[in-house]
Amino acid sequence: MNHASRSTDLLNSADPRRALELTTTRRQLFGKAALGLGTAAMAGLWGRDLLGGAASEPSEGLHHAARAKHVIYLFMSGGPSHHDLWDYKPKLKEMAGEQLPDHVRDGQRLTGMSANQSNGLPLAPSKYNFTKRENNDRGVWVSDLLPHTAEVVDELCVIHSTFTEAINHDPAITYIQTGSQVPGRPSLGAWLSYGLGSMNENLPHYVVMHARTNYAEQSLFNRLWGTGFMPAEHQGMLLRSSGDPVLYLSNPAGVSRQDRRAQLDALAALDEAQHEQFADPEVLSRIRQHEMAYRMQTSVPELMDLSAETQEVFDLYGDDAKTPGTFAACCLNARRLVERGVRNVQIFHRGWDAHGNLPAEHESQCKDIDQGCAALIKDLKRSGLLDDTLVVWGGEFGRTAYCQGGYRPENYGRDHHPRCFTTWMAGGGIKPGITYGRTDEFGYNLADDEGNPLTPQPSRRRGLVARCISTIECHDPAHCLASIIDA
Amino acid sequence: MELTLARQRCSSIVPQPTLVARGFPIRVQLACYGGWRIRSSGRRPCVARCSRRSVAGPGCSQNRLGLASWLTSAENPLVTRVLINSLWQRTFGHGLVRTPEDFGLQGDQPTHPELLDWLAVDLRESGWDMKRMLRQMVTSRVFKQESRRREELDDPENRLYARGPRYRMDAEMLRDIGLWAGDLLDPHMGGEGVKPYQPDGMWIALAHPASNTKRYERDHGSLLYRRSLYVYWKRTSPHPMMTIFDAPDRESSCVRRTRTNTALQSLALFNETQRVEIARAVAQKLLLESDDDHERLDRLYQSLACRLPTDRERGICLQLLTQMRERYEQAPGDAEALVSAGDAPRAESLPVQELAAWTQLATVVLASDVGLMVY
């Protein structure tokens, strides 16, 4: 049956408006999509009623059985030091202050910041103690900077072998959020919104929060939660901690909710009159969006109102969570968002770029995030949401084993280090309590099981999600995924 | 002699482009990997290998001038076709080639190739007169058609142009039309970018501490009402009233915008400070220019839609007006609060409750199709 005759059948059906809507939807879908749509994804997406907008199950029409329904991405902007948090290297203590051996660097280009240091590249062990914590695998070393997170390592998959090719923040963070070092592509959240839609008709698909920090650098960019070439509706919505939580959410002074209701009723009547005359389905779409906005005017304040949470919850997250805009508050909001069906939540925490003065800065940073991270995992787990929610933690690159600037055991800095760093994932079908991958004894290169340095061979088949969240070194992608995903 | 002196005087005021200033072929040194110290041997200007054979023949030098001559020659249809397609897209909502970002064999074929070519030749022969071409398009029979969908035709995307265009205005147009309707628009051309109202803290949340665009200081006076073309554009944090309405962030080229309908747009149309100000200015204008509600409604629809309201639209508007009048009679404080939004001067002679009621109505009409669409 060709396109034309099917359309005619529908046009002649009992409800011409409905028929036209169906036809137009399909055509507009093909017309508006910047890319060709995979039929499998489309079947799942458009299975829902045009006007009813029932939420779709994530596995409908997809290639694989999905485990995660939500993602919470805790992004540590600036590049946290794996040496001081997750990747314990006693070798550095042995060789404290000595030059990084040439064979370890193996000719890798250095940044302009460390290439010409008068003191060369002195190795800098972490000043912090590491403890080996038990998990469901061979245990994992965690530094004293993360006491709370250390308690939940049996839920985490700690990945030591994350790496990237970008050396500086802008390309590195753009790469990890959009899959390309060059701006212009949609963000991960936009892809998820486009591919999987929303589970909640009253809240946006994709929410972004910025957590407070004492070290407000490096800059962030709209494109990190942007849509690139895709329609603007997939853009991440900022949930702000001061003023209106969502831009333009509140009615202006002198306009009540009842006024807005009366206005929207009048608007719908005008739009319907237009629709009857012009039969443009965009009008109906606009009416729906006005109604969603009206619902958001109550659903968002309800979301942000933490008074319903018990003191026990604040004990879990820390009292910080009572202050809007802190990382802990963002984590609590993230749990609430996921509870309400929001698919993709990202929290950006700036300030990890410790070129100098690392101990003071990282101590402050960890104090910001540690309890919140652990609380989020525990909270999701006890609410039964952890199985459906993929939680990801990490930055855009790691930090060097050598010191940037003058080295002293109690104070040092580290430069950018893309070749290896640590991230962790939890929930959403990830095997709990394991570690994956390792680095060499200097924490400088990826390493095989014997500790011999490996050159990263990025898999060409890695999917966008893997590319965006972390680039995991693995010779055998199937083995890698099998290792970290709980079948 | 006089001519030489005059020319020298000119050159000292107006910078001469390199191609014109130098009469001899220049040699360029290539900086290897961008390093300023490491230079390769000199190269002569040349066009890309793929164009070399085309940019050949008399009068075509193997340099940018030659390339420019070839691109604009009568034998080369590409530039004119692309320009026509772009202009057609702006006028009709869709180009004759619907994939301007892939203009060529990899994209859509033109729906009307003969028309495209005819217009392309016409543009060139008129002396590349874009204004004339635009006038030609908007005075054409095609453009003047009604945009009601024709149920008897299976052409929902209007590829056959059996009806007139109908599309939502770009972000910039939307703001400009609103300002114009309220007699707020400052038509002054040129000059510095301007900063309209913006929610607090948007820039500082993202900025580097050393950034000189850390803090957003909004403008005052007539600068608030200049055309949106002049809105200051920080690409990593563009003005939300632009991006919410599908303006691209300009970090990469965009030749075709999406046109979306989102809840954020709804919130923006009703709650954003300048939209409220615009509604108040429109209401003010209507109240000052006429005493009669019906006449006021007529003027509103005439200015936004170039037509009178239908009876149905009139009924809906008057009903809302009645509701709002009652509402603000009972709460003059709320009326005062509403009409105080924005810096634009308020006509003190108008009763506050009446102004508030009409502001509410104007907001609704501006958020309906007549305020949003070209149709």
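The values are calculated or read from the model by the stated rules, or taken from the named source; none is laboratory data. Not measured: the values here are computed from a predicted model. For neighbour counting, all protein chains shown are included, and Cβ atoms are generated from backbone atoms with ideal geometry for every residue, glycine included.
Residue by residue through the range A:332-376, note down the ones that are touching a Pro at 6+ places or on another chain (Cβ under 8 Å) and closer than 26 Å to A:GLN235 by Cα. Step through it out loud before you land on a result.
Keep residues of the range A:332-376 that are touching a Pro at 6+ places or on another chain (Cβ under 8 Å), which gives A:342, A:352, A:362, A:365, A:370.
Within the range A:332-376, A:VAL342, A:TRP352 qualify.
Quickly run through the range B:34-60 and pick out the residues that are within 22 Å of B:TRP70 (Cα to Cα), loosely packed, with under 10 Cβ neighbours inside 10 Å and at pLDDT 70 or above.
B:ALA48, B:ARG49, B:CYS50 - these are the residues of the range B:34-60 that are within 22 Å of B:TRP70 (Cα to Cα), loosely packed, with under 10 Cβ neighbours inside 10 Å and at pLDDT 70 or above.
Being under 31 Å from the mean Cα position of the chain (by Cα) and not in a helix (DSSP H, G or I), is that true of even one residue in the range B:354-365?
There is no residue in the range B:354-365 that is under 31 Å from the mean Cα position of the chain (by Cα) and not in a helix (DSSP H, G or I).
Would you say A:HIS64 is more than 17 Å from A:ASN411 (Cα to Cα), crowded, with 21+ Cβ neighbours inside 10 Å and either at pLDDT below 95 or of a type in the set (Gly, Ala, Ser) (or both)?
For A:HIS64, the condition - more than 17 Å from A:ASN411 (Cα to Cα), crowded, with 21+ Cβ neighbours inside 10 Å and either at pLDDT below 95 or of a type in the set (Gly, Ala, Ser) (or both) - is not met.
Just to check your reading of the model, which residue among B:ARG307, B:ARG312 is within 12 Å of another protein chain (Cβ to nearest Cβ), in a helix (DSSP H, G or I), without any contact (Cβ under 8 Å) to a residue 24 or more places away in the chain and more than 20 Å from A:ARG260 (Cβ to Cβ)?
Of the residues listed, the single one that is within 12 Å of another protein chain (Cβ to nearest Cβ), in a helix (DSSP H, G or I), without any contact (Cβ under 8 Å) to a residue 24 or more places away in the chain and more than 20 Å from A:ARG260 (Cβ to Cβ) is B:ARG312.
Tell me which residues, restricted to the range B:139-156, are surrounded by 13 or more Cβ atoms within 10 Å (Cβ to Cβ), closer than 14 Å to B:TYR375 by Cα and either within 14 Å of chain A (Cβ to nearest Cβ) or aliphatic (A, V, I, L, M) (or both).
If the condition is that a residue be surrounded by 13 or more Cβ atoms within 10 Å (Cβ to Cβ), closer than 14 Å to B:TYR375 by Cα and either within 14 Å of chain A (Cβ to nearest Cβ) or aliphatic (A, V, I, L, M) (or both), then B:VAL142, B:GLN145, B:SER147, B:ARG148, B:ARG149 are the ones that fit.
Here are some conditions: (1) in a loop (DSSP other than H, G, I, E, B); (2) at pLDDT 95 or above. B:GLU251 meets all but one. Which one does it not meet?
Looking at each condition in turn, B:GLU251 falls short on (2).
Being more than 9 Å from every other protein chain (Cβ to nearest Cβ), touching a helix residue (DSSP H, G or I) at 6+ places or on another chain (Cβ under 8 Å) and not small (Gly, Ala, Ser) is the filter here; which residues of the range B:319-358 pass it?
Passing the criteria: B:LEU321, B:ARG325, B:GLU329, B:PRO332, B:ASP343, B:ARG346, B:LEU350, B:VAL352, B:GLN353, B:GLU354, B:LEU355, B:TRP358.
When B:TRP203 is evaluated against the numbered criteria (1) in a loop (DSSP other than H, G, I, E, B); (2) more than 11 Å from every other protein chain (Cβ to nearest Cβ); (3) in contact (Cβ under 8 Å) with a residue 12 or more places away in the chain, which criterion, by number, is the only one it fails?
If we test B:TRP203 against (1) in a loop (DSSP other than H, G, I, E, B); (2) more than 11 Å from every other protein chain (Cβ to nearest Cβ); (3) in contact (Cβ under 8 Å) with a residue 12 or more places away in the chain, just (2) comes out false.
Name every residue in the range A:196-217 that is facing another protein chain (nearest Cβ under 8 Å) and either surrounded by fewer than 23 Cβ atoms within 10 Å (Cβ to Cβ) or in a helix (DSSP H, G or I) (or both), in order of residue number.
A:ALA216, A:GLU217
Being under 18 Å from A:ALA266 (Cβ atoms) and away from every other protein chain (no Cβ under 12 Å) is the filter; apply it to the range B:279-296 and report the residue that is surrounded by the most Cβ atoms within 10 Å (Cβ to Cβ).
Step one: of the range B:279-296, the residues under 18 Å from A:ALA266 (Cβ atoms) are B:279-280, B:282-283, B:286, B:293-294, B:296.
Adding the requirement that they be away from every other protein chain (no Cβ under 12 Å) leaves B:282-283, B:286, B:293-294, B:296.
Values: B:VAL282: 29, B:ALA283: 26, B:LEU286: 22, B:ASP293: 16, B:HIS294: 13, B:ARG296: 21.
My answer is B:VAL282.
Would you say B:TYR216 is buried (at least 18 other Cβ atoms within 10 Å of the Cβ) and farther than 28 Å from A:PRO204 by Cβ?
no
Grab the helices (runs of 4 or more DSSP H) fully contained in the range A:258-361, keeping just those with 2 or more residues being within 14 Å of another protein chain (Cβ to nearest Cβ) and at pLDDT below 95.
A:281-304
Name the residues in the range B:272-284 that are in a helix (DSSP H, G or I) and either in contact with a Leu (Cβ under 9 Å, 6 or more places away or on another chain) or of a type in the set (Phe, Trp, Tyr) (or both), would you?
B:GLN274, B:ARG275, B:VAL276, B:GLU277, B:ILE278, B:ALA279, B:ARG280, B:ALA281, B:VAL282, B:ALA283, B:GLN284, listed by residue number.
Under 7 Å between Cβ atoms, which residue pairs at least 6 apart in sequence (or on different chains) link something in the range A:327-355 that is on the phi > 0 side of the Ramachandran plot with a partner that is of a type in the set (Val, Ile, Thr)?
If the second residue must be of a type in the set (Val, Ile, Thr), the pairs left are A:GLY351/A:THR213.
Please count how many residues of the range A:223-257 are at the interface with chain B (Cβ under 7 Å from one of its Cβ atoms), hydroxyl-bearing (Ser, Thr, Tyr) and either outside any loop (DSSP other than H, G, I, E, B) or surrounded by fewer than 23 Cβ atoms within 10 Å (Cβ to Cβ) (or both).
Qualifying residue count, the range A:223-257: 2.
Going by what's in this entry, would A:SER118 be described as without any contact (Cβ under 8 Å) to a residue 12 or more places away in the chain and among the hydroxyl-bearing types (Ser, Thr, Tyr)? Quick ask: steps written out before the conclusion?
Details: without any contact (Cβ under 8 Å) to a residue 12 or more places away in the chain: yes; among the hydroxyl-bearing types (Ser, Thr, Tyr): yes.
Taking the combined requirement at face value, the residue satisfies it.
Of all the residues that make up the range B:131-150, how many are touching a helix residue (DSSP H, G or I) at 6+ places or on another chain (Cβ under 7 Å) and either in a helix (DSSP H, G or I) or not basic (Lys, Arg) (or both)? Break it down stepwise before answering.
Restricting attention to the range B:131-150, the residues satisfying the condition of being touching a helix residue (DSSP H, G or I) at 6+ places or on another chain (Cβ under 7 Å) are B:133-134, B:137-138, B:143, B:147-149.
Those left that are additionally either in a helix (DSSP H, G or I) or not basic (Lys, Arg) (or both): B:133-134, B:137-138, B:143, B:147.
Counting residues in the range B:131-150 that are touching a helix residue (DSSP H, G or I) at 6+ places or on another chain (Cβ under 7 Å) and either in a helix (DSSP H, G or I) or not basic (Lys, Arg) (or both) gives 6.
Which one of the conditions (1) touching a strand residue (DSSP E or B) at 6+ places or on another chain (Cβ under 9 Å); (2) farther than 26 Å from B:GLY164 by Cα does A:PHE229 fail to meet, given that it meets all the rest?
If we test A:PHE229 against (1) touching a strand residue (DSSP E or B) at 6+ places or on another chain (Cβ under 9 Å); (2) farther than 26 Å from B:GLY164 by Cα, just (1) comes out false.
For the range B:230-259: of the residues being in contact with a strand residue (DSSP E or B) (Cβ under 9 Å, 6 or more places away or on another chain) and more than 17 Å from B:MET202 (Cβ to Cβ), which is farthest from the other protein chains (Cβ to nearest Cβ)?
B:TYR230
Looking only at the range A:176-235, count how many residues are at pLDDT below 90 and among the charged types (D, E, K, R).
3
For (1) of a type in the set (Val, Ile, Thr); (2) without any contact (Cβ under 8 Å) to a residue 40 or more places away in the chain; (3) under 30 Å from A:PHE278 (Cβ atoms); (4) surrounded by fewer than 24 Cβ atoms within 10 Å (Cβ to Cβ), each residue gets a yes or a no:
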| position | (1), (2), (3), (4) |
| --- | --- |
| B:ARG275 | no, no, yes, no |
| B:TYR301 | no, no, yes, yes |
| B:LEU318 | no, yes, yes, yes |
| B:VAL352 | yes, yes, no, yes |
| B:VAL364 | yes, no, yes, no |
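Pick from the range B:206-229 the residues that are among the aliphatic types (A, V, I, L, M) and over 14 Å from B:VAL194 (Cα atoms): which of them is farthest from the other protein chains (Cβ to nearest Cβ)?
Residue satisfying both the conditions and the ranking: B:ALA210.
I need the full set of residues from the range A:153-186 which are touching a residue at least 60 places away in the same chain (Cβ under 8 Å), in a loop (DSSP other than H, G, I, E, B) and either surrounded by fewer than 22 Cβ atoms within 10 Å (Cβ to Cβ) or not β-branched (Val, Ile, Thr) (or both), in order please.
A:ASP154, A:GLU155, A:PHE163, A:GLU165, A:ALA166, A:ILE167, A:ASN168, A:GLY179
Looking at (1) among the acidic types (Asp, Glu); (2) surrounded by fewer than 24 Cβ atoms within 10 Å (Cβ to Cβ); (3) within 17 Å of the chain's Cα centre (by Cα), can you tell me which one A:GLU441 breaks?
Failed condition: (3).
Can you tell me how many residues within the range A:124-144 are assigned to a loop (DSSP other than H, G, I, E, B) and crowded, with 24+ Cβ neighbours inside 10 Å?
Looking only at that region, the number is 2.
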